[in-house]
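These notes are about the structure you will find just below.
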């Protein structure tokens with residue numbers, strides 16, 4: 001039986017909050033139209049791993065941040081034939097959908113590294129297209145809802161999903177930061193398009209953010225932070241001259257004690273790739289978990 005990734009994720013989170021009826025209505029992308037998003041606790045990272053790395057990664061991530069993992073399940077998460085082991089993680093720093101394919105991964109799955117729950121899939125896809133997105137995978141049905149994949153200007157790719165029985169989960173202790181790297185030429189188009197779609201707001205648009213945040217101390221770059229019903233998105237606008245591992249992380253996780261978190265991560269098999277550094281409003285580091293998943297971890301610096 002074909003089981004959707006989102007079905008398993010919903011089971012892991014225990015289902016039941018209203019997300020609105022599914023219709024095929026056209027999108028009203030005006031300033032007065034409602035936000036298509038539900039809430040940040042339903043929007044999390046997609047982590048792709050080799051099968052042998054699934055268990056070490058899950059144990060390491062939970063040991064670092066806390067939380068719980070659902071039992072692994074073998075499933076089909078694409079509209080075309082494929083098979084993957086799937087584990088849903090619910091943690092204080094946000095949810096993750098962890099996938100280990102045992103078949104070749106159908107295009108373009110794997111390019112999307114975030115999943116967003118929407119109130120109405122058809123309306124959300126139409127609104128995204130009206131705002132400048134391209135549909136990479138048209139909406140497809142699954143046993144408990146529907147899914148689609150869209151791409152924004154600058155190549156930012158994400159999945160939308162919707163459930164027949166809406167999920168219910170408490171918010172995380174801190175909202176994770178979806179981090180996207182974009183060229184200078186496409187940055188404004190990305191920001192404008194995503195704001196039109198999400199009905200979000202720019203929290204900050206720093207034209208001379210400290211270059212140490214992208215591995216280039218002594219220089220500066222543009223950083224745009226956006227908040228919406230989908231959570232937080234940070235666009236890092238660069239020329240692409242990025243030392244490893246910058247640009248390889250897709251999420252930033254906020255913690256209350258960076259040193260303690262890094263100690264837990266290393267004890268659980270993770271590697272610190274970038275030692276802690278201070279910037280305008282945070283102290284941050286980069287780590288790599290077993291299996292290769294790279295994440296930024298930061299602690300907010302209080303004035």
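The table that follows gives values for the structure above.
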quantity: Residue check, residue 168 within 20 Å of the chain's Cα centre (by Cα), within 20 Å of residue 70 (Cβ to Cβ) and not assigned by TED's automatic domain parsing to the domain that holds residue 73; calculated: yes
quantity: Extreme residue, farthest from residue 181 (Cα to Cα), among residues of the range 260-289 that are part of a loop (DSSP other than H, G, I, E, B) and in contact with a strand residue (DSSP E or B) (Cβ under 9 Å, 6 or more places away or on another chain); calculated: 270
quantity: Criterion violated by residue 204 - all others in (1) surrounded by fewer than 21 Cβ atoms within 10 Å (Cβ to Cβ); (2) touching a helix residue (DSSP H, G or I) at 6+ places or on another chain (Cβ under 8 Å) satisfied; calculated: (2)
quantity: Subset of the range 47-77 [in contact with a strand residue (DSSP E or B) (Cβ under 9 Å, 6 or more places away or on another chain) and buried (at least 21 other Cβ atoms within 10 Å of the Cβ)]; calculated: 47, 49, 54, 57, 58, 61, 64, 65, 77
quantity: Positions within the range 78-97 being within 17 Å of the chain's Cα centre (by Cα) and crowded, with 18+ Cβ neighbours inside 10 Å, in sequence order; calculated: 86, 87, 88, 89, 90, 91, 93, 94, 95, 96, 97
quantity: Residue that is farthest from the chain's Cα centre (by Cα) [pool: residues in the range 139-156 that are modelled with pLDDT of 95 or more, surrounded by fewer than 21 Cβ atoms within 10 Å (Cβ to Cβ) and in a strand (DSSP E or B)]; calculated: 139
quantity: Condition met for residue 242 (touching a helix residue (DSSP H, G or I) at 6+ places or on another chain (Cβ under 7 Å), surrounded by fewer than 21 Cβ atoms within 10 Å (Cβ to Cβ) and farther than 19 Å from residue 47 by Cβ); calculated: yes
quantity: Check on residue 106, surrounded by fewer than 23 Cβ atoms within 10 Å (Cβ to Cβ), assigned to a loop (DSSP other than H, G, I, E, B) and without any contact (Cβ under 8 Å) to a residue 40 or more places away in the chain; calculated: yes
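The values are calculated or read from the model by the stated rules, or taken from the named source; none is laboratory data. Just so we're clear, the structure is a prediction, and the values are computed from it rather than from any experiment. Note that we place each Cβ from the backbone using ideal geometry, even for glycine, and neighbour counts take in every protein chain shown.
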